[in-house]
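A short worksheet on the structure shown next.
The values are calculated or read from the model by the stated rules, or taken from the named source; none is laboratory data. Model, not experiment: these values are computed from the prediction. For neighbour counting, all protein chains shown are included, and Cβ atoms are generated from backbone atoms with ideal geometry for every residue, glycine included.
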Amino acid sequence: MKNKMQLLRSMMFVPGHNEKLIDSASRSTADALIFDLEDSVQPESNKIIAREIIVNNSKKEEFNHFQKFVRLNEIGTEFFLQDVLQVTLGNIDGFLLSKTNTKEDVQYLDNLLTSIEKERHLELGRFSIIPILESAQSIVNINEIATSSKRIIALGFGSEDYVSDIQGVRDFETNISISYPRSLVPIVARAYGLEAIDAAYIKVHDLEGLERHLNTGKILGYGGMWVLHPKQNELANQYFAPTEQEYNSSVEFLRLYEEAKKINKGVAIIEGKFVGPPLITKSKDIIARYEMIQQRKQLWKK
């Protein structure tokens, strides 16, 4: 199965039937592209066309530096099975499982992907899964969902469908209706070594509001968010990236920790902080993430 460490700061949705927007997305600064087969593909007759468009575009060289995902139609719809069978013919990294409610939803997709990989002589585990938690049932079952498949690389939160499902009110000032699940998703994700993807900010032209949304998401422990418009990518990439100062401090923390170990000293102190195992784990994560981002920037330059 794939390495759980992923760079998914900005995961941008692109309607799977819109070739103009797909072409534009190839020049974006998103870490990952999500070719959508669900909500944004209307009328429903376009979903059939979208599958072929996604397969063809996913193979193009200009998309090679992106992680490429497909958001599938919901399990139980007439579209789901053909979505999976057809888009797996493309150069796709994984799937967003919309409206994931139970572990059985994930396991159904997992088994289907395994059958496809075996039949087509692909590497087992070739395709990853990101369940989208966007219902009351999904939050109740979150631990079972998170551990239901080794293909899972992240848990994603879907705020708008969640609020609708609980018959709540979406208040952008207080965010009361989403505060519990939004806090829970990264806790569970981190407990199982997964990335956590925050809800989209639907007011795409409100960059000040987006910054508040991103700041809260970072504080809660998210590593990325769903992006609805290219103008949101830059801020998402900025907020979910370690700063150069954080990177340098982490390198220094590791150096001092290694020195302390040589003299059998359990902890060192730097900048008034005890440098023990918890901080070392965080420092290693910061260093790895920072270096992945630097490599990604080199790809953009090319």
Given the structure, is THR216 modelled with pLDDT under 95 and either hydroxyl-bearing (Ser, Thr, Tyr) or in contact with an Asp or Glu (Cβ under 6 Å, 6 or more places away or on another chain) (or both)?
-> no
Inter-residue pairs, beta-carbon under 6 Å, first among the hydroxyl-bearing types (Ser, Thr, Tyr) and in the range 203-225, second surrounded by 14 or more Cβ atoms within 10 Å (Cβ to Cβ), 6+ apart | TYR222/PRO186; TYR222/ALA196; TYR222/ASP198
Assess whether LEU155 counts as being assigned by TED's automatic domain parsing to the domain that holds LEU81 and touching a helix residue (DSSP H, G or I) at 6+ places or on another chain (Cβ under 6 Å).
-> yes
Inspect all residues belonging to the range 85-101 and state whether any of them is among the hydrophobic types (A, V, I, L, M, F, W, C), over 18 Å from the mean Cα position of the chain (by Cα) and either more than 25 Å from MET225 (Cβ to Cβ) or not assigned by TED's automatic domain parsing to the domain that holds ASN56 (or both).
-> yes
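Considering only residues that are of a type in the set (A, V, I, L, M, F, W, C) and either under 17 Å from PHE13 (Cα atoms) or part of a helix (DSSP H, G or I) (or both), which ones fall in the range 189-214?
Initially, the range 189-214 is screened for residues of a type in the set (A, V, I, L, M, F, W, C), giving 189, 191, 194, 196-197, 199-200, 202, 204, 207, 210, 214.
Correct list: ALA189, ALA191, ALA196, ILE197, ALA199, ALA200, ILE202, VAL204, LEU207, LEU210, LEU214.
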Of all residues in the range 139-168 being without any contact (Cβ under 8 Å) to a residue 60 or more places away in the chain and acidic (Asp, Glu), the one that is farthest from ALA196 (Cα to Cα) = ASP165
Restricting attention to the range 120-166, the residues that are among the polar types (S, T, N, Q) and within 16 Å of LEU8 (Cβ to Cβ) number exactly 1
May I ask you to verify whether SER164 is at pLDDT 95 or above, more than 25 Å from ILE53 (Cα to Cα) and out of contact with any helix residue (DSSP H, G or I) (no Cβ under 9 Å at 6 or more places or on another chain)?
-> yes
Of the residues in the range 174-188 that are polar (S, T, N, Q) and assigned to a helix (DSSP H, G or I), the one that is nearest to ILE153 (Cα to Cα) is SER183
